[in-house]
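Structure, as C-alpha cells:
The values are calculated or read from the model by the stated rules, or taken from the named source; none is laboratory data. From a predicted model like this one, the values you see are computed outputs, not experimental measurements. Cβ sites come from the backbone with ideal geometry, for glycine too, and all protein chains shown count toward neighbours. The accessibility values were calculated without ligands, DNA or RNA, using every heavy atom of the protein model including side chains. Shrake-Rupley method; radii C 1.70, N 1.55, O 1.52, S 1.80 Å.
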Amino acid sequence: MVLIHQPFSIFILILIFVFMSFISFFNGFFSPIKSSIVRAIVSESDRVKANSLISSVDQTFLFAGWAFGGVLISILGKQITLGIAFFLILLSIGNLYIVRVNETSKIESKDGLISRLTAGWKYLLQHQGLRIIVIMDLMESFVGTIWIGAVTLTYVEEALGKGEAWWGYINGAYYLGTMIGGFIVYRLSNMMIGRLSIFMIFGSLMFGLLTFIYGFVSNPYLALCLVLLMGPSYQIRDLAQETMFQNSANEKTLTKILSARSALIQLTIIFSIITIGVLTDIIGVRLVYILSGCLLMSSALFGFVHLYVRKKGLSLESESAQI
C-alpha cells in the first residue's frame, strides 16, 4: 500500500514485484494450516459439513469480490481499496487469534532439520491411499491451467465468438457453481460419511466429462451452463478429498502432508502453464479442452480402480487408520 503511493520508477516497480512474491510466499502457509486447524477443532462426524461451510463462504466472497473489487477501485481508487484490503487482513488475523486449538503434546520433535523438512514427502509416499490421491491431484493440476485467463479468453473469442465480457460471465458462472456446490455438499454431508472415496471419484468424473463436452461447444449460453455445472462437480471432489486428507493424520502430521502436496501441485502448475500455452498455439484451444477432459476422466478412472476397487481408500474414510 505504501509503495503504490510512491512516484513511479523502475526501482519501485521491482520492489512491488518483490513484495508480491513475499505475499505469495506467506499466503502459501495458510491453506495447509487452515485445514489442520479444522482437523483439530472439528469432530470427525462434522468435518465434511465444516469443510463445505468454509468453502461456501470462501467461494461466495470470491464470486462477489471479482465484481465488487472492480467497483471499489473505479469509485474509490486503488489507494483506498488497498487500505480496505489491509483492514480486512488485520480483521482476519484478529479472528484467527481467538481460535483456540488444544495441544495434544508439548514434546518437541528430536528429528533433524532435514528429517522435518522431508517428513511430509515420506508420509505421502508411504501411505497407499494418499499416494493415489496425490497422483490424481497432479494429473488434474496439470490440466487445471486451462482455466487461467489467457486460455479462457482465447476460448471465448475463438470458440464462442464473443468478447471480453463473456470471459467475465464464464468466471462468474464457475464461482457461482462452486458456491452452489458447497451448499450441496453441506446438505449431503451425512450421506458422504464413509463414502468419501466414491463421492470424490464421482466429482472428478463429472468435472472431466463436462470439460470434455465444453471443448465441443459453440453456443455461449450452453458453455455458461456447463461451467455452472462444473462448480458443484469440483466442490464434491475437492471437499471429499480435503476430508480424506484430514482423516489421514493428526493435525501436526497433517500440516507436513498438506505442505508437501501443495509444493508438488505448485511445481506441476508452473510446468503446466508453459505446456498448455504452447499446446493452445499448436493444436488450438478446442482440442486442449477436449484432451484435458480426457485426462480428467482418466484420473477419475485411476482413482476408481485403486481407491474403490482395490480398497486403498478405506483407511481415509475415517480416523481409525491415521498416521
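If you go through the stretch 193-224 and keep only what is within 18 Å of L295 (Cβ to Cβ) and more than 21 Å from the chain's Cα centre (by Cα), you end up with I213, G215, F216.
Of T280, T255, T275, all but one fail to be within 18 Å of the chain's Cα centre (by Cα) and not small (G, A, S); the exception is T255.
Kindly indicate whether any position in the stretch 229-245 is open to solvent by 60 Å² or more (accessible area, probe 1.4 Å), at pLDDT 90 or above and part of a helix (DSSP H, G or I).
Residues of the stretch 229-245 that are open to solvent by 60 Å² or more (accessible area, probe 1.4 Å), as a first pass: 229, 234.
Narrowing further to those that are at pLDDT 90 or above: 229.
With part of a helix (DSSP H, G or I) added as a condition, the list becomes 229.
Among the residues of the stretch 229-245, at least one is open to solvent by 60 Å² or more (accessible area, probe 1.4 Å), at pLDDT 90 or above and part of a helix (DSSP H, G or I), which makes the answer yes.
What pairs come up if the first residue lies in the stretch 84-110 and is modelled with pLDDT of 85 or more, the second is in a loop (DSSP other than H, G, I, E, B), and their beta carbons are under 9 Å apart, counting only those six or more places apart or on different chains? Within 9 Å, the pairs are A85/M1; F86/M1. Looking across the stretch 31-49, the residues that are open to solvent by 40 Å² or more (accessible area, probe 1.4 Å) and β-branched (V, I, T) come down to I33, I37, I41.
Among residues of the stretch 28-52 that are over 18 Å from D238 (Cβ atoms), those with a beta-carbon under 9 Å from a residue that is polar (S, T, N, Q) and not in a helix (DSSP H, G or I) at least six positions away or on a different chain give the pairs A40/N102; A40/T104; A40/N250; I41/N102; E44/S318. What tally of residues in the stretch 155-188 results from selecting those that are among the acidic types (D, E) and touching a residue at least 40 places away in the same chain (Cβ under 8 Å)? Total satisfying the criteria: 1. When L264 is tested against the conditions (1) open to solvent by 20 Å² or more (accessible area, probe 1.4 Å); (2) in contact with a Gly (Cβ under 8 Å, 6 or more places away or on another chain), the lone failure is (2). Summed over the stretch 267-323, residues that are of a type in the set (F, W, Y) and open to solvent by 70 Å² or more (accessible area, probe 1.4 Å) total 3. The residues of the stretch 4-30 that are open to solvent by less than 70 Å² (accessible area, probe 1.4 Å) and either modelled with pLDDT under 85 or assigned to a helix (DSSP H, G or I) (or both), listed by number, are I4, I12, L13, L15, I16, V18, G28. Kindly indicate whether any position in the stretch 192-212 is hydroxyl-bearing (S, T, Y) and open to solvent by 10 Å² or more (accessible area, probe 1.4 Å). Scanning the stretch 192-212 turns up no residue that is hydroxyl-bearing (S, T, Y) and open to solvent by 10 Å² or more (accessible area, probe 1.4 Å).
The set of residues in the stretch 292-315 being within 21 Å of the chain's Cα centre (by Cα) and farther than 16 Å from Q241 by Cα consists of S292, G293, C294, L295, M297, S298.
Would you confirm whether or not the stretch 153-174 contains a residue that is closer than 16 Å to D238 by Cα and in a helix (DSSP H, G or I)? Checked the stretch 153-174: at least one residue is closer than 16 Å to D238 by Cα and in a helix (DSSP H, G or I). Evaluating L138 against the criteria (1) open to solvent by 40 Å² or more (accessible area, probe 1.4 Å); (2) more than 30 Å from V278 (Cβ to Cβ); (3) at pLDDT 75 or above leaves one unmet condition, (2). Quick one: would you say A249 is modelled with pLDDT under 85, surrounded by 19 or more Cβ atoms within 10 Å (Cβ to Cβ) and farther than 24 Å from G181 by Cα? In short, yes.
Just to check your reading of the model, which residue among T145, T152 is free of Cβ contacts under 8 Å to residues at least 60 places away in the same chain and among the polar types (S, T, N, Q)? Spell out the reasoning first.
Values: T145 fails: free of Cβ contacts under 8 Å to residues at least 60 places away in the same chain.
One residue alone meets the criteria, T152.
Taking F63 as the residue in question, decide whether it is at pLDDT 85 or above, assigned to a helix (DSSP H, G or I) and within 30 Å of Q235 (Cα to Cα). So F63 fails the test. For the stretch 179-186, the criterion of being crowded, with 19+ Cβ neighbours inside 10 Å, among the β-branched types (V, I, T) and within 23 Å of S292 (Cβ to Cβ) is met by no residue.
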